[in-house]
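Chemist: I'd like to ask some things about the structure below.
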C-alpha cells in the first residue's frame, strides 16, 4: 500500500470549498485571524516532521518538536503476554494526550496498536496507520463499523477515550471528562478484551474552561472552544506528563447487562488512580 499524500492544513482553501460563492464576502483579515488562532503554520511544520516517520513514531516526532516528555507509573501492569486488551483513558487535553498515549503504548507493544478516533482525524495522514476511524453517519458508516469489528477481533491492542470530547470544568471547579460512553464495555465483553484503565495527568488552561462554561451558559451547543485546542497544545511545550496505569479488569468480571453503569464505574477507577 502506497503512503498517503501529506495533507497540510489550509483554512483559506477550506472556506473557499465550503462557502462557494459566499466566500468573496469573507474579509481576508478574518481568514488570517482564523489561521493564527488555529496555529496553522506551526501545525503544518509539525505535520511535515511527522510525515518523515511511520506509525507511532510519527507521534514521537510531534512530541520531540514540542519537547514533550511522557512518563508512566505502573507500565509493568500492562500485559505483554499476547492477551487482547482495550486501553481506556481520561481525555484531559484534546490532542497531546492522544499523541502521548500513541507514543507510550506504541513503544510498549512494538507498534501493534490502533486508536479509536473521530473519522475527521484521518486527515492527519502520518497517523492513519494508527487511527481507527469512527464514522456514525453517511455511506461510509458501515465500512467503518466493519473495520472496527475486524480490529477488535484481531490481535492489535485498542486504545480509546470513552468520553469522546476532552475534559471540561464542572460546577464544583474540578476538571473531569464528560459522560463515558458504554460502547467500550460492550466491546470488551463481545471481543473478550481485558480493560486497562489509565489516568493521563494534565489539564488545559483556565481560558479554555472559562470559554466552554460561557458557551454553555449562553445555551450554545456548538463546541466552538475546540478551535483553541491547537493553542492549548502549544502552551504545553516543554512539559512532562505522567500516565498512571491501573490493574487490568478482566472482561469476565464486567456486568454485560448494565454497560452504562460499568462505564461509569471504570471512569471512577481511572480518576482514583491519581489519589
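Chemist: Within region 112-166, count every residue that is in contact with a helix residue (DSSP H, G or I) (Cβ under 7 Å, 6 or more places away or on another chain) and without any contact (Cβ under 8 Å) to a residue 40 or more places away in the chain.
Modeler: Total satisfying the criteria: 7.
Chemist: Could you tell me whether region 184-191 includes any residue that is within 21 Å of residue 94 (Cβ to Cβ), at pLDDT 95 or above and touching a strand residue (DSSP E or B) at 6+ places or on another chain (Cβ under 8 Å)? If you could, list the steps in order and put the result at the bottom.
Modeler: Quick first cut of region 184-191, residues within 21 Å of residue 94 (Cβ to Cβ) only: 184.
Keeping just the survivors that are at pLDDT 95 or above gives 184.
Still in the list and also touching a strand residue (DSSP E or B) at 6+ places or on another chain (Cβ under 8 Å): 184.
Scanning region 184-191, I find at least one residue that is within 21 Å of residue 94 (Cβ to Cβ), at pLDDT 95 or above and touching a strand residue (DSSP E or B) at 6+ places or on another chain (Cβ under 8 Å), so the answer is yes.
Chemist: With the requirement that a residue be part of a helix (DSSP H, G or I) and surrounded by 13 or more Cβ atoms within 10 Å (Cβ to Cβ), what does region 1-17 give you? Working first, answer last.
Modeler: Our first condition is that a residue be part of a helix (DSSP H, G or I); within region 1-17, this holds for 11-17.
Within region 1-17, 11, 12, 15, 16 qualify.
Chemist: Can residue 104 be described as at pLDDT 95 or above, in contact with a helix residue (DSSP H, G or I) (Cβ under 6 Å, 6 or more places away or on another chain) and either surrounded by fewer than 22 Cβ atoms within 10 Å (Cβ to Cβ) or not in a loop (DSSP other than H, G, I, E, B) (or both)? Reasoning before the result, please.
Modeler: Working: at pLDDT 95 or above: yes; in contact with a helix residue (DSSP H, G or I) (Cβ under 6 Å, 6 or more places away or on another chain): no; either surrounded by fewer than 22 Cβ atoms within 10 Å (Cβ to Cβ) or not in a loop (DSSP other than H, G, I, E, B) (or both): yes.
So residue 104 does not fit the description; no.
Chemist: Now for a different question. For residue 256, only one of the following conditions fails: (1) assigned to a helix (DSSP H, G or I); (2) exposed (fewer than 15 other Cβ atoms within 10 Å of the Cβ); (3) in contact with a helix residue (DSSP H, G or I) (Cβ under 8 Å, 6 or more places away or on another chain). What is its number?
Modeler: All conditions are met except number (1).
Chemist: Take the conditions crowded, with 20+ Cβ neighbours inside 10 Å and in contact (Cβ under 8 Å) with a residue 60 or more places away in the chain and apply them to residue 248. Does it pass? Break it down stepwise before answering.
Modeler: Values: crowded, with 20+ Cβ neighbours inside 10 Å: no; in contact (Cβ under 8 Å) with a residue 60 or more places away in the chain: yes.
So residue 248 does not fit the description; no.
Chemist: Output the residues belonging to region 99-135 that are within 18 Å of residue 75 (Cβ to Cβ) and in contact with a strand residue (DSSP E or B) (Cβ under 7 Å, 6 or more places away or on another chain).
Modeler: We begin by selecting, within region 99-135, every residue within 18 Å of residue 75 (Cβ to Cβ); these are 99-113, 115.
Listed by number, the residues that qualify are 100, 101, 102, 103, 104, 105, 106, 109, 112, 113, 115.
Chemist: Another question about this same structure. Tell me, which helices (runs of 4 or more DSSP H) lie completely within region 167-239 with 3 or more residues that are on the phi < 0 side of the Ramachandran plot, out of contact with any helix residue (DSSP H, G or I) (no Cβ under 8 Å at 6 or more places or on another chain) and surrounded by fewer than 19 Cβ atoms within 10 Å (Cβ to Cβ)? It would help to see each step written out before you state the result.
Modeler: Values: elements: 183-190, 206-217, 229-235.
Where helices (runs of 4 or more DSSP H) fall fully within region 167-239 and carry at least 3 residues being on the phi < 0 side of the Ramachandran plot, out of contact with any helix residue (DSSP H, G or I) (no Cβ under 8 Å at 6 or more places or on another chain) and surrounded by fewer than 19 Cβ atoms within 10 Å (Cβ to Cβ), they are 206-217.
Chemist: Okay, next question. Select, from 154, 164, the only residue that is touching a strand residue (DSSP E or B) at 6+ places or on another chain (Cβ under 9 Å), at positive phi and part of a loop (DSSP other than H, G, I, E, B). Can you show your working first?
Modeler: Details: 154 fails: at positive phi.
Unique residue meeting the criteria: 164.
The values are calculated or read from the model by the stated rules, or taken from the named source; none is laboratory data. A quick note: this is a predicted structure, and the numbers were derived from the prediction, not measured. Backbone-built Cβ (ideal geometry, glycine too); neighbour counts: all protein chains shown.
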